[in-house]
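Data block below; observations after.
The values are calculated or read from the model by the stated rules, or taken from the named source; none is laboratory data. Treat the numbers as computed from the prediction; the structure is a model and nothing was measured. Ideal geometry is used to build each Cβ from the backbone, glycine not excepted, and the neighbour counts take in all protein chains shown. Ligands, DNA and RNA are stripped out before the accessible areas are found, and what is left, the full protein with its side chains, is counted by its heavy atoms. Shrake-Rupley method; radii C 1.70, N 1.55, O 1.52, S 1.80 Å.
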Amino acid sequence: MLTIVIFLPLAAATLLALRGLGGRRAIWVWIAATAVDLILVAAMWLGYRGGIGHETRLRWIPSAGAGYHVGVDGMSLPLIAMTALLFLLCAVYSLRGTERPRSYAALFLFLQTVSIGVFAALDLLLFFVFFDLSIVGMYFVIVGWGHGDRARSALTFFLYTFLGSLVLLLGFIGLFLGAEPHTFDLTDLAANPPFSGSPGSAAPVLIAIFVGFAVKTPVVPLHTWLPPAHTDAPAAGSAVLAGVLLKMGTYGLARIALPTLPVAWQRYAWVIIAIGVVSLLYGALVALAQENLKRLIAYTSVNHMGYIVLALGAAGLVAGDVRARELAVTGAVTQMVGHGLVTGALFLLTGVFWDRARAYELNRFGGIAANAPILTALTAVAAFASLGLPGFSGFIAEFQILAGVIGAGAVVAGALAVLGILITAALFLRVLRKVFLGGPGELTGRVTEVRPAELAAVAPLLALSLIIGIAPRWLLDLIDPVAAALVALVSR
Amino acid sequence: MNEDPSALLPELLMLGGAVIGLLTGAFTRRDRQRAVAWICGTALTGAAVATAFAAVRPDTMAFEAYAVDPLTNVTRVTVAVATLLVVVLAAGWARGNRREAEVYVLLLLAALGAVVLAGAGDLLVFAAAYLVASIPAYALAGFAEDGRGTEAALKYYLMGAFLGVIMLAGVTLLYGLKGTTSYMSLAGAPGAAAGCGILLLLAGVLFKAGAVPGHFWVPDVTEGAPPVVAAFVTTVPKIGALAGLLRLATEMFDGADAGWRPLVALIAVATMTLGNLAAFHQDNVRRLLAYSTISQAGYLLIPVAVTGQTGLARPALLFYLAAYAVTNLGAFAVVVAVGRDSLAGYAGLARRAPGLALALVVCLLGLVGTPPTAVFAGKLLVFAAAVDGGYAWLAVVAVLNTVASVFYYLRWIVPAFRPGEPPAPAPVATRVACLAATASLLLGVAAALMLTRG
């Protein structure tokens, strides 16, 4: 079943590539494929009974201990569901029209297979295959359908993240060679961590893996590829990049680095916490200074991902309270899901601005609330959700992270992180004031109301964020056991 | 002592195919010389099949000078399949040429030389194989009889003769030291003289592999010679030379002074870095591919540097060689199919021939080492071998070079998706390109089969 969920979009992409379907029909095939995939994910969720569910394990390179091993648990299932939903809504969003729709749809379907594959993989090589292909897919999205200086941004994105992924590959090779017997299988590696005899050699491997994922996350100072890539990508591409691809970095840290290198993770927990705090403060401060709406949202992603790195770092504080550390990890996973929904919505909304006015500069807009009340309402809700207002997913996640981090003993880091939330609030209020309130700007006249396709794409994301914010139990009950298991693994 | 000629059946089949092909070509009308292509193709297929049977038998040393083991067997198959692809490509290009038959025969002879380079267990056999692999290639490089082809052939020949003489000097020196030319008996030859002999020997090998400092011929030949010949000389001799070098290193160098390891590692670094840097601003796709093959030779030298220190070295080299051969031939097949040399000439390819454009993307990203193509599995093994063999820094350098290489491969991919009007692609070459791209993907997925045998 999980294999079908992973490869169904790819099969649909092949179908699109082979059959000469017209533009509009291609989009409908895309929507149908993603909708079926989402239904299958929902069925998987309902059929999930704890532990590793829907597991498939086939041998591929037996001598290297590598295989086709996929499965879901409380951490990957919500992310897979979020991915499937976001891709469906990107397809709906593209109903409003796009250039060369057939190849666009095929490329996004390919990206969907790759993204779900990353979250489902339980084998390092399989994980890497999907991880690396996500870069290739996103490169073509940016270079083919982006705007502005897209060739340059796409190349920066490719080279930067590709370097990160190869450093990651070196780390994986290190894990492989450090394990006895040599294996790439993640469950085996987690059950029997490598380098148990020689903790000294675990440090370079952790550095390689951390740097590899940090580029993707991204973490300051390895974030410089992100603003240009986001700014020049098409709206749906940005939504997928921020909503799904960035999660691969933090997911990889939680899924691979934490359980396989527990001793090294404990030793460097404070370094990771510091990196997380710097990242979230720097991201927030730089976002505050942005005049370009899309760059601003891109930097808030750096900020939001910083909380996750902070929480995962706090999970390694063995001296701290176990319950608090579990709380932090639960918050981190919730943040991954919530950020995917809210930032996806925000980027799709910036696409509306580009579509109408071909500009992102804040000071060229103003008073939009008068011509486009629904657009204003959607953006306001998304902005409040993003800054962590109670009632939205961001609040649940950030509250758990802060409570967990402070509870685990990192009081100063927690206090600084609160400061980050404050700055985010300020910057979103500044955006709302400049763009939607006040007198009209030079481009305000061009911004018309959202179209039905745009509304249908954005509203479900915000609604889901609201549901998680008000009634989070169904999600947290799924995440809690795996957070506890993760903390137990890292405490060895 | 094993003196059973059937152990050499694949080599004999290739030799027999070349001889029969030559005779048939001499007595056949010009418009029927296509028959020679079929003869050569059959001989290559036969050699590959015979190897499959040989692979299940135990390892042996034929005539005390020729090893029949997995290293030889994998080289036999890889060379046979790669040459077969080139013969198919050449059949489209050489059709109607008055010396059509000679093309196939020369390809087959050069391929035979490449196989023997890998199997040789004696320096004299190695030197003979060097000549068999080189001389037909010189003739092929100048085959078009135009100014650039002649220049390419002359450069190729002079470089090959010069480095070949240096290599022979090395053989002489080693023979003088121990009174033998067998690898096994030469193992552990002590002292500076032996080190000097090894150094001289490397000159010839690096020429065939197209690695620094024997790489100067590569761009000129690739640009000047007909594209099919360029595809051949940058692929098949490299397979033989690197497999042969691995055998030399494993069986002969290993006992000697340990200084050769850092030397090979440094050559690897120089080769991959120089190849990549020089490829950066090429606007001619053939020169770009030429420098790319140089950088690939650099990655391929990594397992040689760590052989004997890790069990991964041999599977890594062999798998990478097979993957490289298929992928590189695919990229050249695209060049043959489109028939344009400038990067700008590929504009509009995606619209005109989507299949061919996809093959180009797969092959070029394959050369980068993007999963799930075959070169990814090869690179993975090479990196693992380097880390396991104590040369982690070499893996880091290779990673940096890989990232740098993305830049120039993308410079070729991007124009293919821009609007433009390329000529109609040649049908045979298009099929070869698609076949090679598919094979590159399948080989990546089916890595298991190769590895369990290696």
Whichever residue in the stretch A:287-302 is open to solvent by 10 Å² or more (accessible area, probe 1.4 Å) and not small (G, A, S) and, among such residues, is nearest to the chain's Cα centre (by Cα) | A:Y299
Can you name every residue in the stretch A:371-391 that is assigned to a loop (DSSP other than H, G, I, E, B) and either closer than 17 Å to A:A287 by Cα or not assigned by TED's automatic domain parsing to the domain that holds A:T300 (or both)?
-> A:L387, A:G388
Would you check which residues across the stretch A:139-156 are within 20 Å of the chain's Cα centre (by Cα) and within 11 Å of chain B (Cβ to nearest Cβ) and list them?
-> A:Y139, A:F140, A:A154, A:T156
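Per-residue answers, yes or no, for (1) buried (at least 24 other Cβ atoms within 10 Å of the Cβ); (2) more than 30 Å from B:W393 (Cβ to Cβ); (3) of a type in the set (S, T, N, Q); (4) away from every other protein chain (no Cβ under 14 Å):
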position: B:Y299; (1), (2), (3), (4): yes, no, no, no
position: B:T310; (1), (2), (3), (4): no, no, yes, no
position: B:L317; (1), (2), (3), (4): yes, no, no, yes
position: B:L329; (1), (2), (3), (4): yes, yes, no, yes
position: B:A344; (1), (2), (3), (4): no, yes, no, yes
position: B:L358; (1), (2), (3), (4): no, yes, no, no
Reported set for the stretch B:183-216 where residues are among the aliphatic types (A, V, I, L, M) and more than 26 Å from the chain's Cα centre (by Cα) is B:L186, B:A187, B:A189, B:A192, B:A193, B:A194
Are any residues in the stretch A:161-181 farther than 15 Å from A:G252 by Cα and at the interface with chain B (Cβ under 9 Å from one of its Cβ atoms), and if so, which ones?
-> A:F162, A:L163, A:I173, A:G174, A:F176, A:L177
For B:L380: the one exception among (1) in contact with a Leu (Cβ under 8 Å, 6 or more places away or on another chain); (2) touching a residue at least 12 places away in the same chain (Cβ under 8 Å); (3) within 14 Å of chain A (Cβ to nearest Cβ); (4) surrounded by 24 or more Cβ atoms within 10 Å (Cβ to Cβ) | (2)
Only one of A:S63, A:S76, A:S94 that is open to solvent by 40 Å² or more (accessible area, probe 1.4 Å), modelled with pLDDT under 95 and of a type in the set (S, T, N, Q) = A:S63
Starting from residues that are within 7 Å of chain A (Cβ to nearest Cβ) and more than 21 Å from B:A316 (Cβ to Cβ), keep the ones in the stretch B:386-418 and report whichever is surrounded by the most Cβ atoms within 10 Å (Cβ to Cβ).
-> B:V406
Are any of the residues in the stretch A:2-18 touching a strand residue (DSSP E or B) at 6+ places or on another chain (Cβ under 8 Å) and surrounded by fewer than 23 Cβ atoms within 10 Å (Cβ to Cβ)?
-> yes
Taking only the stretch A:124-138 into account, find how many residues are out of contact with any strand residue (DSSP E or B) (no Cβ under 8 Å at 6 or more places or on another chain) and more than 8 Å from chain B (Cβ to nearest Cβ).
-> 5
If you go through the stretch A:177-190 one residue at a time, do you hit one that is of a type in the set (S, T, N, Q) and open to solvent by 10 Å² or more (accessible area, probe 1.4 Å)?
-> yes
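Conditions (1) out of contact with any Gly (no Cβ under 8 Å at 6 or more places or on another chain); (2) in a loop (DSSP other than H, G, I, E, B); (3) in the same structural domain as A:W225 (by TED's automatic domain parsing); (4) open to solvent by 20 Å² or more (accessible area, probe 1.4 Å), marked per residue:
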residue: A:I272; (1), (2), (3), (4): no, no, no, no
residue: A:L280; (1), (2), (3), (4): no, no, no, no
residue: A:L285; (1), (2), (3), (4): yes, no, no, yes
residue: A:H304; (1), (2), (3), (4): no, no, no, no
residue: A:A332; (1), (2), (3), (4): yes, no, no, no
residue: A:H339; (1), (2), (3), (4): no, no, no, no
residue: A:T343; (1), (2), (3), (4): no, no, no, no
residue: A:F353; (1), (2), (3), (4): yes, no, no, no
Determine if the stretch A:101-123 includes at least one residue that is more than 9 Å from chain B (Cβ to nearest Cβ) and over 21 Å from A:P9 (Cβ atoms).
-> no
So A:A319, is it open to solvent by 10 Å² or more (accessible area, probe 1.4 Å), in a helix (DSSP H, G or I) and not assigned by TED's automatic domain parsing to the domain that holds A:H223 = no
Can you name every residue in the stretch B:215-237 that is in contact with a strand residue (DSSP E or B) (Cβ under 7 Å, 6 or more places away or on another chain) and assigned to a loop (DSSP other than H, G, I, E, B)?
-> none
In the stretch A:221-228, is there at least one residue being surrounded by 21 or more Cβ atoms within 10 Å (Cβ to Cβ), within 14 Å of another protein chain (Cβ to nearest Cβ) and assigned to a helix (DSSP H, G or I)?
-> no
For the stretch B:64-123, how many residues meet the condition of being within 26 Å of B:R29 (Cβ to Cβ) and outside any helix (DSSP H, G or I)?
-> 6
Based on what the data block shows, is B:T172 in a loop (DSSP other than H, G, I, E, B) and either among the β-branched types (V, I, T) or open to solvent by less than 10 Å² (accessible area, probe 1.4 Å) (or both)?
-> no
Here are A:V141, A:V114, A:V118, A:V92: which of them is without any contact (Cβ under 8 Å) to a residue 24 or more places away in the chain and either part of a helix (DSSP H, G or I) or among the acidic types (D, E) (or both)?
-> A:V114
Every pair of residues 6+ apart whose Cβ atoms lie under 9 Å, when the first sits in the stretch B:57-74 and is of a type in the set (K, R) while the second is open to solvent by 40 Å² or more (accessible area, probe 1.4 Å) and modelled with pLDDT of 85 or more | none
Members of the stretch A:102-141 found to be polar (S, T, N, Q) and more than 19 Å from A:L86 (Cβ to Cβ), listed by number | A:S103
